[in-house]
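Undergrad: Structure below; questions to follow.
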Amino acid sequence: MIQAKRTLHTLEYNKILQMLASVAPTAGAKEMALALLPDDDRVAVCRSLQRTADARRLLADKGMPSFGSVTDIADALERAGKGSTLTTRELLDIGNVLRTARGLLDYSRVNRHFETVLDEIFERLLPDRRLEDRIYRTIIAEDMIADEASPALADIRRKIRAANCRIKETLQHYITSSTYSKALQENIVTMRNGRYVIPVRVESKNEIKGLVHDTSSSGATVFVEPMAVVDANNELRILESKEQYEIERILAELSVQAASEGSALLLNYQNITELAFVFACGKLAENMNATSPVICEERRVRLLRARHPLIDKDRVVPVSVSLGDEWDTLIITGPNTGGKTVTLKTLGLFALMAQSGLHIPADEGSELCLFDQILVDLGDEQSIEQSLSTFSSHMVHIVSIVNSVTARSLVLFDELGAGTDPVEGAALAVAIISKMRQAGALTAATTHYAELKAFALDTEGVQNASCEFDVATLRPTYRLIIGAPGKSNAFAISEKLGLPAAVVADAKSRISEENRHFERVIEELERTRLEMERDREAAAKLRAELESERSGAKAAAESLRAQAKKELETAQAKASALVESARASSEFVFTQLEEVRRQRESERLGEELEKTRRAVRAHLRENEERFNPVEERSNEEYKLPRPLKKGDEVYLVDIDKKGVLLSDPDHNGNVMVQAGIMRTRSKIPNLRLIENEPGVGAPGEKKTAARDFRVSVSRDFRDEIDLRGRTGDEAWFMVDKYFDTALIAGFHTVRLIHGKGTGALRASLWTYLKRDRRVASFRIGRFGEGDGGVTVVELK
């Protein structure tokens, strides 16, 4: 889509890009935001809108991911590829890219509740924990290399520390000695030119043999390096040179490793920047309360309650505009400052935003087709330098529009034909609009000309619209009314502002009878429209109330019918089972009684009676299992999350009751349970432990909405907690609860901010951390994580 800079500037598209850049989390994303241009490829536009929609869903579900203030590493990687040694700052930037890539990949995989089109970008990230850890273990800060960077560096620094100690001990002898202390200006050890010296009075400089390195500004003091430490200082300088050489070697080695992974690192940066830009689009949509427009193939624009994004959200009045269905041209009339130009700008700006992949602040269901160009003539661009009047300036732009318009163009005219003779201007306006219609473009124009209002009334495919104005208060309502032409209300406004009534009456008498009749028709139409609108609103409100009541009554009736049907079926089943059980049992008993009667004369009567009793009992048990209407509850699949103990709240499966354990389980697996007023002994397999987890307890019982809770915790959870200013016990009380919340939210790496200070708070926390079973490991923070002021904890 080739769009003139003038159009983008006129519709204030650049201000939208500035709003987008202001919420972009990285410098690269800000650059992408400011360079964003509309597109007219349907596939590309729909993909961009879907990415923005998915980013907004993720923001609502998990919050904004951390992008770590990533900076461009392309130049550094190019230099490393040519064999240059990178600075510590450049290597830390590379480490930051790797750390951010790893964090974003974790963000996409942890607590994933739905798939998005952004998953593809997330999965293109290539973390390299080995190189990342190597960089952060080596470089503590931009100006500090860790001793552990290499064994050689650690050895050199150990020797440097030893040399420093020897030099200071020797110089301390000069400071504390009664022989030399009188010759010293001050009893201190200082440095000049990288060598340890002592300040000596100028008149006593011959008393201490050594090399003079500097003189004070007053000339009263000379800084002398005693001969006793010259060799030690020389050794120190040699060690410092070795240290610098080893640091350069380490940085060169890291640079080579970065260069070998250059393509993957550059791809990581590009993907991070792309994700940061998409999340900025989602954040802007969230701030604007915007929605994704439907991109339709038909030549149509339908905006529902559209709100111009550059007007304060508390003052903006929504407008609904449509073009392209029953009409391809919209003639907007009404008083000045009534909102006509804002409507045109809203149309043009929303088309640009949608074709840039940005959501628009309008209601769901808004539709836009794709335009190859948006042609506008808005505002007064009078030019003295170019000898152009207001009319001439407008006409220059209109000529350009007429020459470049196509069937896929959106054309916007403000005050078309103004600035010249009204009769000629109106005729020109009608001719220009007719030309736009012949080209097949969608057109919207504002005007005060009655001729254009009449043209819209008489021409099929051309529709009137008006910006509503309250004459009683002399204030526009900014509502756009489709289908009715508007009045300029010049006479009413003038009279309200104090123009004598006689002057207004004289002005009215000078209008032709035809024009007066036309204005009266418009006035009557407006009055009728307002009455119909009030009636329609009242009817819609009443209908909504009735629909709500009808829906509620219908739902309640359906619920009662379903419940009654279910209870009837249950009762019938129970009754049928009881009858069947009784019939079978009675028949069997009568049969056995008859058999007893025949056996009563037998000598084995007692034995036969006992046999019959056993048979009856067995039969009754069999029938109870077949026909018992009471549903048997099973606990076979349930596993206790932990051993039971005295005081636990449990659910007794067989009797469908809750209870409390009065004792620990005995060696046979039996426990005593208090269930209400009843005390009973039960087997452990018959019990369920009631905890704050779904699915535990009575069937259908939900202790908490655990998943919603986890989603809420995940969205609001921060991966760091500030403990500064707390005592050790206070801090651990907060950390203990914080660890539980972190595990619920799915976070396994957190930061404890304790500050540097005296180190007492850190030591106290570390004592607790060593004993906590939830902690897998912990370490002091590295560069970019807070250094020594934080502890990074890995949870199991």
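Undergrad: Among the residues of the range 303-313, is any within 21 Å of THR52 (Cα to Cα), of a type in the set (Asp, Glu) and open to solvent by 10 Å² or more (accessible area, probe 1.4 Å)?
TA: Within the range 303-313, not a single residue is within 21 Å of THR52 (Cα to Cα), of a type in the set (Asp, Glu) and open to solvent by 10 Å² or more (accessible area, probe 1.4 Å).
Undergrad: Of these, LEU752, LEU765, which one is in contact with a strand residue (DSSP E or B) (Cβ under 8 Å, 6 or more places away or on another chain) and under 20 Å from SER66 (Cβ atoms)?
TA: Within the list LEU752, LEU765, the selection yields LEU752.
Undergrad: Just need a number here: residues in the range 320-339 that are closer than 26 Å to PRO38 by Cα and either out of contact with any strand residue (DSSP E or B) (no Cβ under 7 Å at 6 or more places or on another chain) or open to solvent by 10 Å² or more (accessible area, probe 1.4 Å) (or both).
TA: Number satisfying all stated conditions: 7.
Undergrad: Please verify whether the range 261-272 includes one or more residues that are surrounded by 14 or more Cβ atoms within 10 Å (Cβ to Cβ) and farther than 30 Å from GLY63 by Cβ.
TA: Checked against the condition, which is being surrounded by 14 or more Cβ atoms within 10 Å (Cβ to Cβ) and farther than 30 Å from GLY63 by Cβ, the range 261-272 yields at least one hit.
Undergrad: Taking the range 173-222, which residues are within 23 Å of GLU235 (Cβ to Cβ) and either open to solvent by 90 Å² or more (accessible area, probe 1.4 Å) or within 60 Å of the chain's Cα centre (by Cα) (or both)?
TA: Residues satisfying the conditions are HIS173, ILE188, VAL189, THR190, MET191, ARG192, ASN193, GLY194, ARG195, TYR196, VAL197, LYS209.
Undergrad: For ALA276, indicate whether it is touching a residue at least 12 places away in the same chain (Cβ under 8 Å), farther than 30 Å from ASP106 by Cβ, small (Gly, Ala, Ser) and crowded, with 24+ Cβ neighbours inside 10 Å.
TA: Judged against the criteria, ALA276 is not a match.
Undergrad: For the range 393-434, how many residues meet the condition of being out of contact with any Asp or Glu (no Cβ under 6 Å at 6 or more places or on another chain), small (Gly, Ala, Ser) and open to solvent by less than 40 Å² (accessible area, probe 1.4 Å)?
TA: 6
Undergrad: Report, by residue number, each residue of the range 1-50 that is more than 23 Å from ASP372 (Cβ to Cβ), open to solvent by less than 50 Å² (accessible area, probe 1.4 Å) and part of a helix (DSSP H, G or I).
TA: If the condition is that a residue be more than 23 Å from ASP372 (Cβ to Cβ), open to solvent by less than 50 Å² (accessible area, probe 1.4 Å) and part of a helix (DSSP H, G or I), then LEU20, ALA21, GLY28, ALA29, ALA33 are the ones that fit.
Undergrad: Follow-up. Taking the options THR88, THR116, THR52, THR71, name whichever one is modelled with pLDDT of 95 or more and hydroxyl-bearing (Ser, Thr, Tyr).
TA: Every option except THR52 fails the conditions.
Undergrad: Still on this structure, please answer the following. Residues in the range 749-764 that are polar (S, T, N, Q), touching a residue at least 24 places away in the same chain (Cβ under 8 Å) and farther than 14 Å from ASP736 by Cα: how many?
TA: The number of residues fulfilling the criteria is 1.
Undergrad: Restricting to the range 690-718, count the residues that are open to solvent by 50 Å² or more (accessible area, probe 1.4 Å) and either out of contact with any Ser or Thr (no Cβ under 7 Å at 6 or more places or on another chain) or at pLDDT below 50 (or both).
TA: Of the residues in that region, 17 qualify.
Undergrad: Select from the range 451-469 the residues that are under 22 Å from ARG479 (Cβ atoms) and aliphatic (A, V, I, L, M) and write down the one among them that is most open to solvent (accessible area, probe 1.4 Å).
TA: Ranking the qualifying residues of the range 451-469, first place goes to LEU457.
Undergrad: Return the total of residues in the range 657-680 being out of contact with any helix residue (DSSP H, G or I) (no Cβ under 7 Å at 6 or more places or on another chain) and either surrounded by 12 or more Cβ atoms within 10 Å (Cβ to Cβ) or of a type in the set (S, T, N, Q) (or both).
TA: Residues meeting the conditions: 15.
Undergrad: Return yes when ASP61 is open to solvent by 70 Å² or more (accessible area, probe 1.4 Å) and more than 23 Å from ARG782 (Cβ to Cβ) and no when it is not.
TA: no
Undergrad: Within the range 281-300, restricting attention to residues that are closer than 25 Å to PHE371 by Cα and assigned to a helix (DSSP H, G or I), which residue is most open to solvent (accessible area, probe 1.4 Å)?
TA: Ranking the qualifying residues of the range 281-300, first place goes to MET288.
Undergrad: Next up: Scanning the range 766-796 for residues that are farther than 19 Å from LEU743 by Cα and open to solvent by less than 20 Å² (accessible area, probe 1.4 Å), which turns out modelled with the highest pLDDT?
TA: VAL790
Undergrad: Let me ask something additional. Could you tell me which of the residues ALA101, ALA76 is of a type in the set (A, V, I, L, M, F, W, C), crowded, with 21+ Cβ neighbours inside 10 Å and either under 27 Å from VAL45 (Cα atoms) or under 21 Å from the mean Cα position of the chain (by Cα) (or both)?
TA: Sole residue among the options that is of a type in the set (A, V, I, L, M, F, W, C), crowded, with 21+ Cβ neighbours inside 10 Å and either under 27 Å from VAL45 (Cα atoms) or under 21 Å from the mean Cα position of the chain (by Cα) (or both): ALA101.
Undergrad: Further question: From the list PHE350, PHE371, which one is of a type outside the set (Lys, Arg), open to solvent by less than 30 Å² (accessible area, probe 1.4 Å) and assigned to a loop (DSSP other than H, G, I, E, B)?
TA: The match here is PHE371.
Undergrad: Check ILE160, ILE94, ILE140 and return the single one that is in contact (Cβ under 8 Å) with a residue 24 or more places away in the chain, touching a Leu at 6+ places or on another chain (Cβ under 9 Å), surrounded by 18 or more Cβ atoms within 10 Å (Cβ to Cβ) and aliphatic (A, V, I, L, M).
TA: Exactly one of ILE160, ILE94, ILE140 is in contact (Cβ under 8 Å) with a residue 24 or more places away in the chain, touching a Leu at 6+ places or on another chain (Cβ under 9 Å), surrounded by 18 or more Cβ atoms within 10 Å (Cβ to Cβ) and aliphatic (A, V, I, L, M), namely ILE94.
Undergrad: Return the residues of the range 758-771 that are under 33 Å from the mean Cα position of the chain (by Cα) and over 16 Å from GLY725 (Cβ atoms); say none if nothing qualifies.
TA: LEU769
Undergrad: Listed residues ARG726, ARG681; which is closer than 30 Å to GLY68 by Cβ and at pLDDT 80 or above?
TA: ARG726
The values are calculated or read from the model by the stated rules, or taken from the named source; none is laboratory data. Please read these numbers as outputs of a predicted model, since none were measured by experiment. So basically every Cβ, Gly included, is an ideal-geometry build from the backbone, and we count neighbours across all protein chains shown. All accessible areas refer to the heavy atoms of the entire protein, side chains included, with ligands and DNA or RNA removed. Shrake-Rupley method; radii C 1.70, N 1.55, O 1.52, S 1.80 Å.
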